[in-house]
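Chemist: One structure coming up, written as structure tokens, with questions to follow.
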Amino acid sequence: MKKLVTEVSGVVEAPAAQVRAALARALLPGGRDVHGRFTVQDAPGHTSTVEVTGSVIAFQGGWWYRGEWSLAPHPSGTLLVHRVYNVARRARWAWVSPTGSSPASPRRPAAPSPTPSPASAPTWGPAPG
């Protein structure tokens, strides 16, 4: 499921083909205007999936991000819309209640906190001596 986070748009006073070429130069690897679906390494150790169609360029990477740039004809040129979506699935695994239970293991008691002995208790201030 994708949930819209934000959307911005504007009209570029140029034909759609010219705007698309400029967008491809700015966003796509090597500035090439290609079509299809492929993967790019956009930072060391991080990849994104890129999807390119006639009117949309989309990047999806990380655990939640999807950015889509779309082009549409407009009387004054081209309407360019950028949308950011949250595509994360519900992260039930990350939720733990204060009692230590989670949806995966309900009503699991929390482990007791160990009581430090005086010898292992931290000392503050200058060392004796």
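Chemist: Answer yes if at least one residue in region 23-36 is more than 18 Å from the chain's Cα centre (by Cα) and among the acidic types (Asp, Glu), and no otherwise.
Modeler: Scanning region 23-36, I find at least one residue that is more than 18 Å from the chain's Cα centre (by Cα) and among the acidic types (Asp, Glu), so the answer is yes.
Chemist: Please indicate, with yes or no, whether at least one residue in region 66-84 is among the charged types (D, E, K, R) and over 17 Å from residue 2 (Cα atoms).
Modeler: For region 66-84, residues among the charged types (D, E, K, R) and over 17 Å from residue 2 (Cα atoms): absent.
Each reported figure results from applying straightforward, stated rules to the coordinates on display, with no laboratory input. Here the structure is a predicted model, which means the values were calculated and not measured.
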